[in-house]
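For reference, the structure is listed below as structure tokens.
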Amino acid sequence: MPILDLDPELRKEYISQLRRITIAVPRIFKKFKVYGYLSLNLGIDDKGILTIHSYQDNVTVIPVKRKKRIKEIVVRKLRNITFPAPKNKKGKPIKVINWRVTFKVGKFRNIISLTKQ
């Protein structure tokens, strides 16, 4: 079920939790730049655990050798997000599949910010 079949109150809560995500980066990555866009196909199981089905990015990381590590940090942060158990408009538990979310990726000091588009 796509996110539109969720209870409207839960849908608002899910969207607000993903509106802006900040990720603190370890100090070992002092000087780096990151910018671009990140698109994810998400799923939420009946217990509220977020899963990432597919991952597409148009993210630039300088220096380039840090790109893989930055991606790992971002995906790890996203996988640690949990939501209240999803229910449809009638109150029955459901799974959310194929929910597409796009984030604008940026950096301020040592914090990566993901802003939902």
Does the range 46-88 hold any residues that are surrounded by fewer than 14 Cβ atoms within 10 Å (Cβ to Cβ) and either more than 20 Å from R100 (Cα to Cα) or small (G, A, S) (or both), and which are they?
S54, T60, I62, P63, V64, K65, K68
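Here are some residues: N41, N88. Which one is modelled with pLDDT under 90 and among the polar types (S, T, N, Q)?
On the way: N41 fails: modelled with pLDDT under 90.
Sole residue among the options that is modelled with pLDDT under 90 and among the polar types (S, T, N, Q): N88.
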Residue under evaluation I112, criteria (1) among the hydrophobic types (A, V, I, L, M, F, W, C); (2) assigned to a strand (DSSP E or B); (3) under 30 Å from P8 (Cβ atoms), criterion not met
(3)
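The values are calculated or read from the model by the stated rules, or taken from the named source; none is laboratory data. Predicted model only: the values in this text are computed from it and were never measured. Every residue, glycine as well, gets a Cβ built from its backbone with ideal geometry; the counts of neighbours run over all protein chains shown.
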